[in-house]
Amino acid sequence: MSTTPQRRFPLHPAHPERVCWGCHRYCPADSMRCGNGSERTQHPSETLGEDWMDFGLDADQAATDEPRA
């Protein structure tokens, strides 16, 4: 088993269109090594917008943590 440290997933990359985000390799979009398909996987900020971290499983928890007036 390999003990290679995993890279952190970038939350706001400068140019997400240049990278395939489909696996842990983060290959350039024009030379994907994993065979993930014929097109690259988009970064969540490209599909959901810059506030993509507000969506998902933690979004419900964050809404209940806010104090109510």
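The values are calculated or read from the model by the stated rules, or taken from the named source; none is laboratory data. Just so it is clear, the model here is predicted, and its values are computed rather than measured. Cβ sites come from the backbone with ideal geometry, for glycine too, and all protein chains shown count toward neighbours.
Please enumerate the residues belonging to the stretch 40-57 that are in contact (Cβ under 8 Å) with a residue 40 or more places away in the chain and assigned to a loop (DSSP other than H, G, I, E, B).
Narrowing the stretch 40-57 to residues in contact (Cβ under 8 Å) with a residue 40 or more places away in the chain: 53.
Those that are in contact (Cβ under 8 Å) with a residue 40 or more places away in the chain and assigned to a loop (DSSP other than H, G, I, E, B): none in the stretch 40-57.
Name the residues in the stretch 14-48 that are of a type in the set (A, V, I, L, M) and at pLDDT 90 or above, would you? Spell out how you get there, then give the answer.
Keep residues of the stretch 14-48 that are of a type in the set (A, V, I, L, M), which gives 14, 19, 29, 32, 48.
Within the stretch 14-48, Ala14, Val19 qualify.
Trp52 is checked against (1) modelled with pLDDT of 90 or more; (2) touching a Ser or Thr at 6+ places or on another chain (Cβ under 9 Å) and fails just one. What number does that condition carry?
(1)
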